[in-house]
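One structure below.
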Amino acid sequence: MATLATAAKGIARRAGKLVFSAVDPFLGDFPGPRILIYHQIGAGLGRQMEVTERAFADQIAWLGERYRVVDLPTALAGRGDPDANRWVVLTFDDGYADLYQRGFPVLQRHGMPFTLYLTTHPVESGEPLTPGGAADPLGWDQVEAMAGSGLMTLGAHTHRHPDLRTIGATQIEDELGTCDELIERRMGIRPAHFTYPWGYWSAPAHAAVARRYSSATVGSGPPVTAATDLLTVNRIPVQLADGLMFFKRKLRTGLRMEDRLRRRIANYDGP
Ligand SMILES: [Zn+2]
């Protein structure tokens, strides 16, 4: 039954994507670099925040033919460039072992730069990010191996991944500080880039984020242009239901209607 329900949900999602992608071209140009969010690769958990191993390989190969995959600092510095709509940034959130096992070999083969936004408690403790979750975190040795390739930009993503809208200033400072210190102690670098847990910007966290990082990304919002504030840069989530077909459409138009709906459902009105 569960499998049937999951299959039905998948069909409904793809039907929605068909409608959204038909409306998207009427929203006007989609300028700027496409900053993509990946979470897990080939985890087999059936969650929208993962992609299959096959879809990932197809998506990366297609990007290699059609787009220029650049690192995050390059895309941010050149975000107003007229050709920036041909640039793609690959970002991976949280730090799952499957990035190293299944994603990294593909990225290496294509020589593509990527950003890992790391949540430090799972990697430090070996415990999954979500209690009872079946997703193993990366180990520091794996993070180090990826950093050694020269392809990876390592960013911060808090210590325990709380929604920063729901905790106080002291706790926010502790979340950011612990993450930065662990990355510095283990990897010898101070992270310059940050992404908000769950993609939700938080007014109380903004000042602390601005003090510590040169950029911060969120998970929903308008295209990235010369006018974009570097502390609220939007990214585009890649989902299980995207496959290759909707992935291509997402790259072309952003699937912005879907994005707007997602914001509404999550009751999120931030930048
Ligand atoms: Zn996250």
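Each reported figure results from applying straightforward, stated rules to the coordinates on display, with no laboratory input. Nothing here was measured: the structure is a model prediction, and the numbers come from that model. Neighbour counts are summed over all protein chains in view; Cβ atoms, including those assigned to glycine, are modelled from backbone coordinates with ideal geometry.
When residues in the stretch 58-115 are screened for being in a helix (DSSP H, G or I) and acidic (Asp, Glu), 3 of them pass. Return yes or no: is GLY95 in contact with a strand residue (DSSP E or B) (Cβ under 6 Å, 6 or more places away or on another chain), on the phi > 0 side of the Ramachandran plot and within 16 Å of the ligand (Cβ to nearest atom)? Here the answer is yes, as GLY95 does meet what is asked. Put simply, of ARG86, ARG47, ARG54, ARG109 the only residue that is in contact with a strand residue (DSSP E or B) (Cβ under 7 Å, 6 or more places away or on another chain), charged (D, E, K, R) and either surrounded by fewer than 17 Cβ atoms within 10 Å (Cβ to Cβ) or in contact (Cβ under 8 Å) with a residue 60 or more places away in the chain (or both) is ARG86. Consider the stretch 17-44 and keep the residues that are loosely packed, with under 15 Cβ neighbours inside 10 Å and assigned to a loop (DSSP other than H, G, I, E, B). The one that is nearest to the chain's Cα centre (by Cα) is GLY44. With respect to the conditions (1) in a helix (DSSP H, G or I); (2) out of contact with any strand residue (DSSP E or B) (no Cβ under 7 Å at 6 or more places or on another chain), VAL209 falls short on a single one, namely (2). On inspection, SER220 fails the criterion of being of a type in the set (S, T, N, Q), within 16 Å of the ligand (Cβ to nearest atom) and over 17 Å from the mean Cα position of the chain (by Cα). Checked against (1) within 15 Å of the ligand (Cβ to nearest atom); (2) over 17 Å from the mean Cα position of the chain (by Cα); (3) hydroxyl-bearing (Ser, Thr, Tyr), THR178 passes all but condition (1). Considered as a group, the residues in the stretch 112-129 that are free of Cβ contacts under 8 Å to residues at least 60 places away in the same chain and within 17 Å of the chain's Cα centre (by Cα) include one that is farthest from SER215 (Cα to Cα), and that residue is LEU129. Which one is farthest from VAL209 (Cα to Cα), of the residues in the stretch 153-172 that are away from the ligand (no atom under 12 Å from the Cβ) and touching a strand residue (DSSP E or B) at 6+ places or on another chain (Cβ under 6 Å)? So, considering only residues that are away from the ligand (no atom under 12 Å from the Cβ) and touching a strand residue (DSSP E or B) at 6+ places or on another chain (Cβ under 6 Å), the one farthest from VAL209 (Cα to Cα) is THR153. Within the stretch 190-208, being in contact with a helix residue (DSSP H, G or I) (Cβ under 7 Å, 6 or more places away or on another chain) and within 16 Å of the ligand (Cβ to nearest atom) holds for PRO191, HIS193, PHE194, ALA205.
Reported count of residues in the stretch 65-81, each being under 15 Å from ARG252 (Cα atoms) and either surrounded by fewer than 17 Cβ atoms within 10 Å (Cβ to Cβ) or hydroxyl-bearing (Ser, Thr, Tyr) (or both), is 4. Within the stretch 192-248, the set of residues being surrounded by fewer than 18 Cβ atoms within 10 Å (Cβ to Cβ), of a type in the set (S, T, N, Q) and under 14 Å from ALA156 (Cβ atoms) comprises just one member, SER214. Of all residues in the stretch 105-152, those being within 16 Å of the ligand (Cβ to nearest atom) and within 20 Å of ILE41 (Cβ to Cβ) number 17.
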